[in-house]
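Worksheet: the structure to be examined is printed underneath.
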Protein chains: 2
Amino acid sequence: MTTGDGRSRLLAAATRLIRTQGFAATSVEAICREAGVTKGAFFHHFPSKEALGVAAADAWSEVTGRLFAEASYHRPADPLDRVLAYIEFRRALVAGEIADYTCLVGTLVQEAYGSDPIRAACGASILGHAGTLEADMAAAAEARGVADVDPASLARHTQAVLQGAFILAKAGGGAAAVEEALDHLKRYLRLLFANPGASGA
Amino acid sequence: MTTGDGRSRLLAAATRLIRTQGFAATSVEAICREAGVTKGAFFHHFPSKEALGVAAADAWSEVTGRLFAEASYHRPADPLDRVLAYIEFRRALVAGEIADYTCLVGTLVQEAYGSDPIRAACGASILGHAGTLEADMAAAAEARGVADVDPASLARHTQAVLQGAFILAKAGGGAAAVEEALDHLKRYLRLLFANPGASGA
DNA sequence: CTCAACATACCAACCGGTCGGTATGTCGTC
DNA sequence: GACGACATACCGACCGGTTGGTATGTTGAG
(Lines give C-alpha, C1' and ligand atoms only; values in the text may rest on other atoms or scores of the structure.)
Protein backbone atom coordinates (compact mmCIF):
# COMPACT_ATOMS: atom_id res chain seq x y z
CA MET A 1 0.00 0.00 0.00
CA THR A 2 1.98 2.95 -1.26
CA THR A 3 -0.54 5.20 -2.94
CA GLY A 4 -2.14 8.34 -1.61
CA ASP A 5 -0.91 10.49 1.20
CA GLY A 6 0.57 9.18 4.41
CA ARG A 7 -2.54 9.43 6.46
CA SER A 8 -4.78 7.47 4.12
CA ARG A 9 -2.04 4.91 3.55
CA LEU A 10 -1.79 4.39 7.30
CA LEU A 11 -5.56 4.05 7.53
CA ALA A 12 -5.65 1.51 4.71
CA ALA A 13 -2.78 -0.49 6.19
CA ALA A 14 -4.37 -0.45 9.63
CA THR A 15 -7.69 -1.60 8.23
CA ARG A 16 -6.06 -4.52 6.47
CA LEU A 17 -3.98 -5.61 9.45
CA ILE A 18 -6.74 -5.19 12.03
CA ARG A 19 -9.11 -7.26 9.90
CA THR A 20 -6.63 -10.12 9.77
CA GLN A 21 -5.00 -9.98 13.20
CA GLY A 22 -7.19 -7.83 15.39
CA PHE A 23 -6.40 -4.47 16.94
CA ALA A 24 -4.25 -5.39 19.93
CA ALA A 25 -2.16 -7.82 17.92
CA THR A 26 -1.41 -5.16 15.33
CA SER A 27 1.53 -3.00 16.36
CA VAL A 28 2.05 0.58 15.32
CA GLU A 29 5.34 -0.45 13.73
CA ALA A 30 3.63 -3.12 11.66
CA ILE A 31 1.12 -0.58 10.38
CA CYS A 32 3.94 1.77 9.45
CA ARG A 33 5.85 -0.98 7.68
CA GLU A 34 2.73 -1.94 5.71
CA ALA A 35 2.01 1.68 4.84
CA GLY A 36 5.61 2.39 3.91
CA VAL A 37 6.07 5.23 6.38
CA THR A 38 7.96 5.68 9.62
CA LYS A 39 6.76 5.86 13.17
CA GLY A 40 7.32 9.58 13.12
CA ALA A 41 4.72 9.91 10.40
CA PHE A 42 2.28 7.78 12.34
CA PHE A 43 2.41 9.94 15.43
CA HIS A 44 2.33 13.04 13.31
CA HIS A 45 -1.09 12.04 11.99
CA PHE A 46 -2.50 10.28 15.05
CA PRO A 47 -1.89 11.20 18.68
CA SER A 48 -2.13 7.57 19.79
CA LYS A 49 -2.88 4.06 18.64
CA GLU A 50 -6.37 4.42 20.07
CA ALA A 51 -6.95 7.52 17.93
CA LEU A 52 -5.88 5.52 14.89
CA GLY A 53 -8.51 2.96 15.81
CA VAL A 54 -11.18 5.63 15.97
CA ALA A 55 -10.03 7.16 12.67
CA ALA A 56 -10.03 3.73 11.01
CA ALA A 57 -13.60 3.10 12.19
CA ASP A 58 -14.70 6.52 10.94
CA ALA A 59 -13.02 5.97 7.59
CA TRP A 60 -14.72 2.57 7.40
CA SER A 61 -18.11 4.21 7.94
CA GLU A 62 -17.42 6.64 5.15
CA VAL A 63 -16.16 4.11 2.62
CA THR A 64 -18.84 1.51 3.27
CA GLY A 65 -21.47 4.24 3.46
CA ARG A 66 -20.61 5.33 -0.05
CA LEU A 67 -20.47 1.74 -1.28
CA PHE A 68 -23.96 0.95 -0.03
CA ALA A 69 -25.43 4.30 -1.01
CA GLU A 70 -24.32 3.84 -4.60
CA ALA A 71 -25.30 0.16 -4.86
CA SER A 72 -28.15 -0.95 -7.07
CA TYR A 73 -30.22 -2.75 -4.46
CA HIS A 74 -32.23 0.43 -3.95
CA ARG A 75 -33.79 0.10 -7.39
CA PRO A 76 -36.73 -2.33 -6.92
CA ALA A 77 -40.08 -0.67 -6.57
CA ASP A 78 -41.27 -2.98 -3.80
CA PRO A 79 -39.65 -2.17 -0.44
CA LEU A 80 -39.40 -5.84 0.56
CA ASP A 81 -37.63 -6.52 -2.72
CA ARG A 82 -35.18 -3.77 -1.86
CA VAL A 83 -34.44 -5.34 1.50
CA LEU A 84 -34.02 -8.76 -0.11
CA ALA A 85 -31.78 -7.21 -2.75
CA TYR A 86 -29.68 -5.69 0.02
CA ILE A 87 -29.13 -9.15 1.44
CA GLU A 88 -28.16 -10.44 -1.98
CA PHE A 89 -25.76 -7.53 -2.31
CA ARG A 90 -24.18 -8.50 1.00
CA ARG A 91 -23.88 -12.06 -0.23
CA ALA A 92 -22.07 -10.92 -3.36
CA LEU A 93 -19.54 -9.14 -1.16
CA VAL A 94 -18.55 -12.41 0.50
CA ALA A 95 -15.55 -13.52 -1.53
CA GLY A 96 -11.85 -14.13 -1.16
CA GLU A 97 -10.05 -14.36 2.17
CA ILE A 98 -11.95 -14.01 5.43
CA ALA A 99 -10.31 -10.68 6.14
CA ASP A 100 -11.55 -9.42 2.78
CA TYR A 101 -15.23 -9.73 3.59
CA THR A 102 -15.49 -9.41 7.37
CA CYS A 103 -16.35 -6.18 9.09
CA LEU A 104 -13.63 -3.93 10.47
CA VAL A 105 -15.74 -2.29 13.13
CA GLY A 106 -17.25 -5.58 14.25
CA THR A 107 -13.78 -7.02 14.74
CA LEU A 108 -12.58 -3.84 16.39
CA VAL A 109 -15.41 -3.37 18.85
CA GLN A 110 -15.30 -6.97 19.96
CA GLU A 111 -11.88 -6.58 21.50
CA ALA A 112 -11.73 -2.84 22.09
CA TYR A 113 -15.18 -2.03 23.46
CA GLY A 114 -13.40 -1.16 26.70
CA SER A 115 -12.11 1.98 24.99
CA ASP A 116 -14.99 4.42 24.90
CA PRO A 117 -13.90 6.39 21.81
CA ILE A 118 -13.41 3.21 19.80
CA ARG A 119 -16.67 1.73 21.04
CA ALA A 120 -18.54 4.89 20.10
CA ALA A 121 -17.05 5.02 16.61
CA CYS A 122 -17.82 1.35 15.96
CA GLY A 123 -21.31 1.65 17.40
CA ALA A 124 -22.01 4.65 15.18
CA SER A 125 -20.75 2.74 12.16
CA ILE A 126 -22.92 -0.32 12.70
CA LEU A 127 -26.00 1.56 13.84
CA GLY A 128 -25.55 4.16 11.13
CA HIS A 129 -25.54 1.46 8.49
CA ALA A 130 -28.55 -0.23 10.07
CA GLY A 131 -30.30 3.11 9.92
CA THR A 132 -30.05 3.14 6.13
CA LEU A 133 -32.25 0.03 6.05
CA GLU A 134 -34.93 1.35 8.34
CA ALA A 135 -37.02 3.18 5.78
CA ASP A 136 -37.30 0.14 3.52
CA MET A 137 -38.18 -2.05 6.50
CA ALA A 138 -40.90 0.35 7.57
CA ALA A 139 -42.24 0.65 4.04
CA ALA A 140 -42.30 -3.11 3.66
CA ALA A 141 -44.24 -3.49 6.90
CA GLU A 142 -46.66 -0.81 5.87
CA ALA A 143 -47.17 -2.18 2.36
CA ARG A 144 -47.91 -5.67 3.69
CA GLY A 145 -50.02 -4.56 6.59
CA VAL A 146 -47.72 -6.10 9.16
CA ALA A 147 -48.16 -4.09 12.32
CA ASP A 148 -46.10 -5.48 15.17
CA VAL A 149 -42.69 -5.01 13.56
CA ASP A 150 -40.18 -2.41 14.73
CA PRO A 151 -38.27 -1.37 11.58
CA ALA A 152 -35.28 -0.10 13.54
CA SER A 153 -35.04 -3.30 15.54
CA LEU A 154 -35.32 -5.38 12.39
CA ALA A 155 -32.60 -3.34 10.72
CA ARG A 156 -30.31 -3.89 13.72
CA HIS A 157 -31.09 -7.59 13.55
CA THR A 158 -29.79 -7.84 10.00
CA GLN A 159 -26.49 -6.49 11.26
CA ALA A 160 -26.44 -8.88 14.20
CA VAL A 161 -26.93 -11.81 11.83
CA LEU A 162 -24.12 -10.58 9.61
CA GLN A 163 -21.71 -10.00 12.49
CA GLY A 164 -22.51 -13.41 13.93
CA ALA A 165 -22.08 -15.02 10.53
CA PHE A 166 -18.60 -13.53 10.31
CA ILE A 167 -17.69 -15.20 13.59
CA LEU A 168 -18.94 -18.57 12.36
CA ALA A 169 -16.90 -17.97 9.22
CA LYS A 170 -13.81 -17.37 11.32
CA ALA A 171 -14.61 -20.43 13.42
CA GLY A 172 -14.15 -22.59 10.34
CA GLY A 173 -17.31 -22.19 8.30
CA GLY A 174 -15.81 -19.71 5.87
CA ALA A 175 -17.89 -17.92 3.28
CA ALA A 176 -20.47 -20.72 3.31
CA ALA A 177 -21.35 -19.88 6.91
CA VAL A 178 -22.17 -16.32 5.92
CA GLU A 179 -24.27 -17.39 2.95
CA GLU A 180 -26.15 -19.83 5.14
CA ALA A 181 -26.95 -17.11 7.68
CA LEU A 182 -28.04 -14.79 4.90
CA ASP A 183 -30.45 -17.48 3.66
CA HIS A 184 -32.03 -17.71 7.10
CA LEU A 185 -32.27 -13.95 7.31
CA LYS A 186 -33.98 -13.79 3.94
CA ARG A 187 -36.40 -16.49 4.94
CA TYR A 188 -37.19 -14.68 8.18
CA LEU A 189 -37.99 -11.48 6.34
CA ARG A 190 -40.10 -13.25 3.75
CA LEU A 191 -42.08 -15.10 6.39
CA LEU A 192 -42.48 -11.98 8.44
CA PHE A 193 -43.77 -9.83 5.62
CA ALA A 194 -45.75 -12.53 3.87
CA ASN A 195 -47.92 -13.30 6.86
CA PRO A 196 -49.86 -10.35 8.16
CA GLY A 197 -51.43 -11.17 11.48
CA ALA A 198 -49.32 -14.28 11.88
CA SER A 199 -46.10 -12.49 12.76
CA GLY A 200 -45.47 -14.67 15.79
CA ALA A 201 -44.33 -11.85 18.04
CA MET B 1 -9.62 -16.10 41.97
CA THR B 2 -7.70 -18.17 44.45
CA THR B 3 -9.59 -21.42 44.73
CA GLY B 4 -8.76 -24.74 43.14
CA ASP B 5 -5.43 -25.85 41.78
CA GLY B 6 -3.13 -23.64 39.79
CA ARG B 7 -4.17 -24.87 36.41
CA SER B 8 -7.87 -24.27 36.84
CA ARG B 9 -7.19 -20.92 38.50
CA LEU B 10 -5.13 -19.91 35.49
CA LEU B 11 -7.91 -21.05 33.19
CA ALA B 12 -10.54 -19.14 35.14
CA ALA B 13 -8.41 -15.99 35.25
CA ALA B 14 -7.66 -16.24 31.53
CA THR B 15 -11.34 -16.69 30.73
CA ARG B 16 -12.28 -13.62 32.70
CA LEU B 17 -9.55 -11.43 31.25
CA ILE B 18 -9.99 -12.56 27.66
CA ARG B 19 -13.72 -11.93 27.87
CA THR B 20 -13.12 -8.35 28.99
CA GLN B 21 -9.98 -7.38 27.04
CA GLY B 22 -9.53 -9.95 24.30
CA PHE B 23 -6.75 -12.47 23.86
CA ALA B 24 -3.90 -10.41 22.46
CA ALA B 25 -4.45 -7.62 24.97
CA THR B 26 -4.27 -10.08 27.85
CA SER B 27 -0.69 -10.72 28.90
CA VAL B 28 0.57 -13.89 30.50
CA GLU B 29 1.68 -11.85 33.48
CA ALA B 30 -1.78 -10.37 33.93
CA ILE B 31 -3.29 -13.85 33.91
CA CYS B 32 -0.78 -15.00 36.53
CA ARG B 33 -1.45 -11.95 38.70
CA GLU B 34 -5.21 -12.54 38.48
CA ALA B 35 -4.78 -16.23 39.26
CA GLY B 36 -2.39 -15.57 42.10
CA VAL B 37 0.46 -17.68 40.70
CA THR B 38 3.79 -16.93 39.14
CA LYS B 39 4.95 -17.16 35.57
CA GLY B 40 6.80 -20.33 36.39
CA ALA B 41 3.50 -21.97 37.22
CA PHE B 42 1.96 -20.74 34.00
CA PHE B 43 4.62 -22.27 31.80
CA HIS B 44 4.61 -25.39 33.91
CA HIS B 45 0.97 -26.01 32.94
CA PHE B 46 0.95 -24.55 29.43
CA PRO B 47 3.77 -24.69 26.90
CA SER B 48 2.76 -21.34 25.40
CA LYS B 49 0.17 -18.61 25.49
CA GLU B 50 -1.45 -20.14 22.44
CA ALA B 51 -1.81 -23.46 24.27
CA LEU B 52 -3.51 -21.58 27.11
CA GLY B 53 -5.95 -20.19 24.59
CA VAL B 54 -6.76 -23.67 23.33
CA ALA B 55 -7.13 -25.00 26.86
CA ALA B 56 -9.40 -22.11 27.81
CA ALA B 57 -11.61 -22.81 24.80
CA ASP B 58 -11.74 -26.51 25.68
CA ALA B 59 -12.56 -25.77 29.30
CA TRP B 60 -15.26 -23.39 28.11
CA SER B 61 -16.80 -26.16 26.01
CA GLU B 62 -16.84 -28.45 29.01
CA VAL B 63 -18.32 -25.96 31.49
CA THR B 64 -20.97 -24.60 29.15
CA GLY B 65 -21.70 -28.11 27.90
CA ARG B 66 -22.55 -29.19 31.42
CA LEU B 67 -24.56 -26.04 32.06
CA PHE B 68 -26.76 -26.57 29.01
CA ALA B 69 -27.03 -30.32 29.46
CA GLU B 70 -28.37 -29.90 32.97
CA ALA B 71 -30.69 -27.00 32.18
CA SER B 72 -34.44 -27.41 32.33
CA TYR B 73 -35.25 -26.28 28.80
CA HIS B 74 -35.17 -29.91 27.69
CA ARG B 75 -38.33 -30.68 29.63
CA PRO B 76 -41.20 -29.59 27.34
CA ALA B 77 -42.82 -32.40 25.43
CA ASP B 78 -43.10 -30.45 22.20
CA PRO B 79 -39.75 -30.10 20.39
CA LEU B 80 -40.47 -26.55 19.25
CA ASP B 81 -41.25 -25.62 22.84
CA ARG B 82 -37.87 -27.03 23.81
CA VAL B 83 -36.13 -24.87 21.23
CA LEU B 84 -38.07 -21.82 22.36
CA ALA B 85 -37.25 -22.66 25.97
CA TYR B 86 -33.59 -22.84 25.00
CA ILE B 87 -33.79 -19.30 23.69
CA GLU B 88 -35.47 -18.16 26.89
CA PHE B 89 -32.71 -19.88 28.84
CA ARG B 90 -30.14 -17.96 26.84
CA ARG B 91 -32.01 -14.76 27.57
CA ALA B 92 -31.94 -15.47 31.30
CA LEU B 93 -28.17 -15.79 31.08
CA VAL B 94 -27.84 -12.23 29.84
CA ALA B 95 -27.20 -10.26 33.02
CA GLY B 96 -24.52 -8.18 34.65
CA GLU B 97 -21.48 -6.84 32.86
CA ILE B 98 -20.96 -7.48 29.17
CA ALA B 99 -18.01 -9.77 29.89
CA ASP B 100 -20.26 -11.83 32.15
CA TYR B 101 -22.64 -12.94 29.43
CA THR B 102 -20.63 -12.83 26.21
CA CYS B 103 -19.04 -15.89 24.70
CA LEU B 104 -15.38 -16.66 25.34
CA VAL B 105 -14.82 -18.66 22.18
CA GLY B 106 -16.64 -16.15 20.02
CA THR B 107 -14.40 -13.39 21.32
CA LEU B 108 -11.34 -15.59 21.03
CA VAL B 109 -11.89 -16.84 17.50
CA GLN B 110 -12.63 -13.38 16.19
CA GLU B 111 -9.12 -12.18 16.84
CA ALA B 112 -7.19 -15.44 16.89
CA TYR B 113 -8.64 -17.38 13.96
CA GLY B 114 -5.24 -17.05 12.38
CA SER B 115 -3.96 -19.60 14.90
CA ASP B 116 -5.15 -22.96 13.71
CA PRO B 117 -5.25 -24.71 17.11
CA ILE B 118 -7.27 -21.88 18.64
CA ARG B 119 -9.56 -21.67 15.63
CA ALA B 120 -10.19 -25.42 15.80
CA ALA B 121 -10.96 -25.37 19.52
CA CYS B 122 -13.34 -22.45 19.16
CA GLY B 123 -15.00 -23.95 16.12
CA ALA B 124 -15.52 -27.21 17.95
CA SER B 125 -17.03 -25.36 20.90
CA ILE B 126 -19.55 -23.38 18.87
CA LEU B 127 -20.41 -26.18 16.49
CA GLY B 128 -20.54 -28.71 19.31
CA HIS B 129 -23.05 -26.59 21.15
CA ALA B 130 -25.07 -26.06 17.99
CA GLY B 131 -25.09 -29.82 17.60
CA THR B 132 -26.97 -30.21 20.87
CA LEU B 133 -29.86 -28.28 19.33
CA GLU B 134 -30.06 -30.28 16.15
CA ALA B 135 -32.26 -33.12 17.38
CA ASP B 136 -34.93 -30.75 18.69
CA MET B 137 -34.82 -28.75 15.48
CA ALA B 138 -35.26 -31.90 13.42
CA ALA B 139 -38.07 -33.15 15.65
CA ALA B 140 -39.84 -29.80 15.45
CA ALA B 141 -39.64 -29.83 11.66
CA GLU B 142 -40.91 -33.38 11.53
CA ALA B 143 -43.75 -32.77 13.98
CA ARG B 144 -44.98 -29.75 12.05
CA GLY B 145 -44.51 -31.24 8.63
CA VAL B 146 -42.02 -28.59 7.56
CA ALA B 147 -39.82 -30.18 4.96
CA ASP B 148 -37.30 -27.76 3.55
CA VAL B 149 -35.47 -27.00 6.78
CA ASP B 150 -31.95 -28.19 7.51
CA PRO B 151 -31.84 -28.75 11.30
CA ALA B 152 -28.06 -28.45 11.47
CA SER B 153 -28.07 -25.21 9.54
CA LEU B 154 -30.84 -23.83 11.71
CA ALA B 155 -28.94 -24.79 14.85
CA ARG B 156 -25.85 -23.00 13.54
CA HIS B 157 -27.98 -19.98 12.80
CA THR B 158 -29.07 -19.67 16.42
CA GLN B 159 -25.41 -19.41 17.34
CA ALA B 160 -24.74 -16.86 14.63
CA VAL B 161 -27.57 -14.70 15.95
CA LEU B 162 -26.21 -14.96 19.48
CA GLN B 163 -22.65 -14.14 18.48
CA GLY B 164 -23.81 -11.20 16.43
CA ALA B 165 -25.99 -9.99 19.26
CA PHE B 166 -22.96 -9.97 21.55
CA ILE B 167 -21.16 -7.69 19.13
CA LEU B 168 -24.10 -5.29 19.03
CA ALA B 169 -24.09 -5.39 22.82
CA LYS B 170 -20.42 -4.45 22.84
CA ALA B 171 -21.08 -1.73 20.29
CA GLY B 172 -23.30 0.01 22.81
CA GLY B 173 -26.58 -1.87 22.81
CA GLY B 174 -25.82 -3.80 25.98
CA ALA B 175 -28.05 -6.61 27.20
CA ALA B 176 -31.06 -5.11 25.42
CA ALA B 177 -29.39 -5.75 22.07
CA VAL B 178 -29.11 -9.45 22.88
CA GLU B 179 -32.69 -9.69 24.05
CA GLU B 180 -33.87 -7.96 20.91
CA ALA B 181 -31.97 -10.41 18.70
CA LEU B 182 -33.36 -13.31 20.70
CA ASP B 183 -36.88 -12.01 20.07
CA HIS B 184 -36.26 -11.99 16.35
CA LEU B 185 -34.81 -15.47 16.51
CA LYS B 186 -37.84 -16.74 18.38
CA ARG B 187 -40.17 -15.15 15.91
CA TYR B 188 -38.27 -16.67 13.01
CA LEU B 189 -38.56 -20.15 14.50
CA ARG B 190 -42.21 -19.72 15.28
CA LEU B 191 -42.99 -18.49 11.78
CA LEU B 192 -40.91 -21.22 10.25
CA PHE B 193 -42.52 -24.06 12.16
CA ALA B 194 -46.04 -22.64 12.20
CA ASN B 195 -46.32 -22.42 8.44
CA PRO B 196 -45.87 -25.77 6.71
CA GLY B 197 -45.52 -25.23 3.00
CA ALA B 198 -44.98 -21.51 3.43
CA SER B 199 -41.45 -21.73 4.71
CA GLY B 200 -40.19 -19.11 2.29
CA ALA B 201 -36.98 -20.92 1.40
C1' DC C 1 14.43 -41.02 45.60
C1' DT C 2 11.20 -39.26 42.33
C1' DC C 3 8.35 -36.34 40.31
C1' DA C 4 4.78 -32.99 39.76
C1' DA C 5 3.88 -28.48 41.20
C1' DC C 6 5.24 -24.60 41.79
C1' DA C 7 8.66 -20.07 42.73
C1' DT C 8 12.51 -16.87 41.44
C1' DA C 9 15.36 -14.63 38.46
C1' DC C 10 16.32 -13.43 34.25
C1' DC C 11 16.55 -12.40 29.02
C1' DA C 12 16.22 -10.61 24.31
C1' DA C 13 12.80 -8.70 21.58
C1' DC C 14 9.31 -5.71 21.09
C1' DC C 15 5.89 -2.30 22.60
C1' DG C 16 3.68 2.52 22.33
C1' DG C 17 5.26 6.86 22.49
C1' DT C 18 8.74 10.96 22.46
C1' DC C 19 11.88 14.07 20.54
C1' DG C 20 15.09 16.89 17.85
C1' DG C 21 15.58 17.72 13.40
C1' DT C 22 14.63 18.56 8.17
C1' DA C 23 12.41 19.45 3.66
C1' DT C 24 8.77 21.79 1.54
C1' DG C 25 5.35 24.71 1.17
C1' DT C 26 2.21 28.99 2.25
C1' DC C 27 1.15 33.52 3.40
C1' DG C 28 1.38 38.31 4.80
C1' DT C 29 4.28 42.44 4.27
C1' DC C 30 7.20 45.79 2.45
C1' DG D 1 9.26 39.59 -5.94
C1' DA D 2 11.92 38.98 -1.93
C1' DC D 3 11.87 37.76 2.84
C1' DG D 4 10.72 36.26 7.38
C1' DA D 5 7.28 33.69 10.08
C1' DC D 6 4.88 29.89 10.51
C1' DA D 7 2.64 25.33 9.21
C1' DT D 8 2.64 20.68 7.42
C1' DA D 9 4.62 16.33 6.58
C1' DC D 10 7.77 13.39 7.68
C1' DC D 11 12.22 11.01 9.45
C1' DG D 12 14.65 7.79 12.57
C1' DA D 13 17.10 7.40 16.89
C1' DC D 14 15.82 6.69 21.32
C1' DC D 15 13.30 5.64 25.98
C1' DG D 16 11.29 3.11 29.74
C1' DG D 17 8.40 -0.51 30.32
C1' DT D 18 6.36 -4.91 28.96
C1' DT D 19 6.28 -9.05 26.33
C1' DG D 20 6.41 -14.27 25.85
C1' DG D 21 9.51 -17.44 27.14
C1' DT D 22 13.56 -19.93 29.70
C1' DA D 23 16.77 -21.77 33.15
C1' DT D 24 17.29 -23.10 37.60
C1' DG D 25 15.90 -23.81 42.21
C1' DT D 26 12.62 -25.38 46.05
C1' DT D 27 9.17 -28.07 48.25
C1' DG D 28 6.02 -31.53 49.62
C1' DA D 29 3.61 -35.86 48.76
C1' DG D 30 3.98 -40.82 47.53
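The values are calculated or read from the model by the stated rules, or taken from the named source; none is laboratory data. Since we're looking at a predicted model, the values are computed, not measured. Using ideal geometry, Cβ is built from the backbone for each residue, glycine included, and neighbour counts are taken over all protein chains shown. For accessibility, only protein heavy atoms count, side chains too; no ligands or nucleic acids. Shrake-Rupley method; radii C 1.70, N 1.55, O 1.52, S 1.80 Å.
In the full protein context, the protein assembly as shown carries 40 Å² of accessible surface per residue, based on a 1.4 Å probe and ignoring ligands, DNA and RNA. Of B:A30, B:A140, B:A77, the residue with the greatest mean-square motion in the GNM of chain B, using alpha carbon springs below 10 Å, is B:A77.
With label points defined 7 Å past Cα in the direction of Cβ, position A:E179 shows copy-to-copy spacings of 3.8 nm, given to one decimal and shortest first. When chain A is modelled as a GNM with alpha-carbon springs shorter than 10 Å, which of A:A24, A:A160, A:A55 fluctuates the most? Most flexible of the set in this elastic network: A:A24. Using a probe of 1.4 Å, the accessible surface attributed to B:L84 totals some 20 Å² when neighbouring protein chains are kept in position.
Indicate the gyration tensor shape class of the protein assembly as shown (rounded, prolate or oblate), computed on the Cα atoms with a ≥ b ≥ c the square roots of the eigenvalues: a/c under 1.5 is rounded; otherwise a/b larger than b/c is prolate and the rest oblate.
oblate
By the helix-only formula, in which each DSSP H run with n ≥ 4 contributes -39500 (n - 2.57) and the sum is divided by residues, chain B has a 222 nm mean residue ellipticity of -24000 deg cm²/dmol. Model label sites at A:E50 and B:F89, defined 7 Å from Cα along the beta-carbon direction, differ in position by 4.0 nm.
Please work out how much length the chain gains when fully extended from A:A147 to A:A30, using 0.36 nm per residue of separation minus the C-alpha to C-alpha distance, in nm with one decimal. It would help to have the intermediate numbers written out before the result.
Numbers: separation 117, 0.36 × 117 = 42.12 nm, distance 5.18 nm.
Net length gain for the segment: 36.9 nm.
Comparing B:I18, B:I118, B:I167 in a Gaussian network model of chain B where C-alpha atoms under 10 Å apart are linked, the largest mean-square fluctuation is found at B:I167. Working note: Karplus 6.51/-1.76/1.60 with θ = phi - 60° gives segment B:54-66 the couplings 4, 5, 5, 5, 5, 5, 4, 4, 5, 5, 5, x, 5 Hz, where Gly and Pro are set to x.
The mean sequence separation of alpha-carbon pairs under 8 Å and at least six residues apart, normalised by the residue count of chain B, gives a relative contact order of 19 percent. Note on A:D116 and A:E62: the extension gain reaches 17.4 nm, defined as 0.36 nm multiplied by sequence separation minus the Cα-Cα distance. Helix A:79-93 against the longest principal axis of chain A: what's the angle in degrees, Cα atoms only, rounded to the nearest 10? Taking the Cα atoms of chain A, the angle to A:79-93 is about 40 degrees. Compared with the dominant Cα axis of chain B, that is its longest principal axis, helix B:151-168 is turned about 50°.
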